[in-house]
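Okay, so here's the structure we're looking at.
The values are calculated or read from the model by the stated rules, or taken from the named source; none is laboratory data. This one's a predicted model, so the numbers in the text were calculated from it and none came from an experiment. So basically every Cβ, Gly included, is an ideal-geometry build from the backbone, and we count neighbours across all protein chains shown.
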Amino acid sequence: MRLQSKVAIITGGASGIGRETCRLFAREGAKVAVIDVNEQQGMQTVDLIKESGGEAFFVRCDVSKEDDVIRMAARVVERYRKIDVLFNNATWYTIAAATEMPLADWQKTLDINLTGPFLCCKYVLPEMMKNGGSIINTSSVGGTSAFYKHPAYNAAKAGVNLLTKNLALDYGKHQVRVNCISPGIIETPLTQQDLQDPERAAKLMERCFTGRIGQPADIAYAALYLASDESTFVTGSNMMVDNGWTAR
């Protein structure tokens with residue numbers, strides 16, 4: 001029960017890393033606000049948590065829209081009276097070189113991956129500053145290493161890394177810790193387009209020192225450490241959970 005009595009907001013909670021983290025946090029004692037644009041799958045996450053005896057509810061929210069985020073934060077406070085943990089996990093990307101990428105795809109990638117975490121932090125921080133808390137942002141190895149045909153994603157995740165450090169600096173005096181996690185290749189619905197291509201999958205496997213692709217639980221347990229009181233001396237950091245990707 002490493003998160004006993006804590007209230008956690010997890011964006012992108014309908015599937016993949018988000019769903020796995022929602023379920024783990026609930027098992028560890030947290031009350032979980034499952035945040036996503038996919039209501040059907042988000043409610044499935046809530047049902048899975050409740051079937052296991054946990055506490056959760058769903059809020060439909062597009063993290064790139066300010067009004068949605070304001071409403072989401074207010075609903076969590078109304079229901080649970082506080083916010084202890086924010087995991088900014090919602091992610092989206094498209095594959096195209098800069099000269100081939102529509103401006104709308106560039107903007108959507110930045111909106112979800114960078115503006116979304118900014119907005120969630122902006123409207124959760126005033127509540128979190130009352131009693132302290134932990135913010136965890138999902139970055140990527142793509143925030144420090146370039147990928148072919150991912151200009152928007154690389155730019156957005158690099159922005160997340162510095163946003164994390166800035167917020168850690170500005171709000172540490174309020175006992176709010178801010179860190180990010182940089183996953184390597186993780187098997188989720190979003191990465192299927194890469195993993196189903198044999199040539200691409202083989203190249204990705206070469207980046208994994210111990211010879212396996214990551215699973216959502218690998219990231220969920222990293223987030224659990226950063227959300228728990230075990231990491232109270234950790235802030236402004238970027239935790240690489242990448243099976244060695246960035247080591248060479």
If we keep only residues of the stretch 215-248 that are touching a Lys or Arg at 6+ places or on another chain (Cβ under 8 Å) and of a type in the set (Ser, Thr, Tyr), then the residue surrounded by the fewest Cβ atoms within 10 Å (Cβ to Cβ) is THR232
How many of the residues in the stretch 61-85 are under 30 Å from LYS149 (Cα atoms) and either in contact with a His (Cβ under 8 Å, 6 or more places away or on another chain) or not in a helix (DSSP H, G or I) (or both)?
5
Looking at the stretch 222-248, which of its residues are touching a helix residue (DSSP H, G or I) at 6+ places or on another chain (Cβ under 9 Å), aliphatic (A, V, I, L, M) and under 19 Å from ILE17 (Cβ atoms)?
ALA223, LEU224, ALA227, MET239, MET240, VAL241
Checking MET240 against (1) modelled with pLDDT of 95 or more; (2) of a type outside the set (Phe, Trp, Tyr); (3) assigned to a loop (DSSP other than H, G, I, E, B), the condition it does not meet
(3)
Determine whether ILE181 is among the β-branched types (Val, Ile, Thr), under 19 Å from THR138 (Cα atoms) and not in a helix (DSSP H, G or I).
yes
Run down ALA155, ALA146 and say which single residue is assigned to a loop (DSSP other than H, G, I, E, B) and aliphatic (A, V, I, L, M).
ALA146
Among the residues listed as ASP105, ASP170, the single one being modelled with pLDDT of 95 or more, on the phi < 0 side of the Ramachandran plot, touching a Ser or Thr at 6+ places or on another chain (Cβ under 9 Å) and not hydrophobic (A, V, I, L, M, F, W, C)
ASP105
Name the residues in the stretch 208-228 that are in contact (Cβ under 8 Å) with a residue 40 or more places away in the chain and of a type outside the set (S, T, N, Q), would you?
PRO216, ALA217, ILE219, ALA220, TYR221, ALA222, ALA223, LEU224, LEU226, ALA227
Which residue pairs have Cβ atoms under 7 Å apart, sit 6 or more places apart or on different chains, and have a first residue in the stretch 30-51 that is more than 16 Å from VAL7 (Cα to Cα) and a second that is among the acidic types (Asp, Glu)?
VAL37/ASP62; GLY42/ASP36
Inside the stretch 25-48, can you point out the residues that are buried (at least 24 other Cβ atoms within 10 Å of the Cβ), assigned to a helix (DSSP H, G or I) and hydrophobic (A, V, I, L, M, F, W, C)?
PHE25, ALA26
For the stretch 185-197, indicate whether the set of residues that are at pLDDT 95 or above, more than 15 Å from LEU86 (Cα to Cα), hydrophobic (A, V, I, L, M, F, W, C) and surrounded by 18 or more Cβ atoms within 10 Å (Cβ to Cβ) is non-empty.
no
Checking LEU48 against (1) in contact with a Lys or Arg (Cβ under 8 Å, 6 or more places away or on another chain); (2) of a type outside the set (Val, Ile, Thr); (3) closer than 28 Å to ASP170 by Cα, which test does it fail?
(3)
Of all residues being in contact (Cβ under 8 Å) with a residue 40 or more places away in the chain and among the basic types (Lys, Arg) in the stretch 157-178, which is farthest from VAL124 (Cα to Cα)? Just the residue, please.
LYS157
Being within 30 Å of SER5 (Cα to Cα) and surrounded by fewer than 17 Cβ atoms within 10 Å (Cβ to Cβ) is the filter here; which residues of the stretch 78-116 pass it?
GLU78, ARG79, ARG81, LYS82
Using the structure shown, decide if ARG200 is of a type outside the set (Phe, Trp, Tyr) and not in a helix (DSSP H, G or I).
no
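This table checks each residue for (1) at pLDDT 95 or above; (2) among the basic types (Lys, Arg); (3) more than 17 Å from the chain's Cα centre (by Cα).
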{"site": "ALA26", "(1), (2), (3)": "yes, no, no"}
{"site": "ILE35", "(1), (2), (3)": "yes, no, no"}
{"site": "GLN40", "(1), (2), (3)": "yes, no, yes"}
{"site": "ARG60", "(1), (2), (3)": "yes, yes, no"}
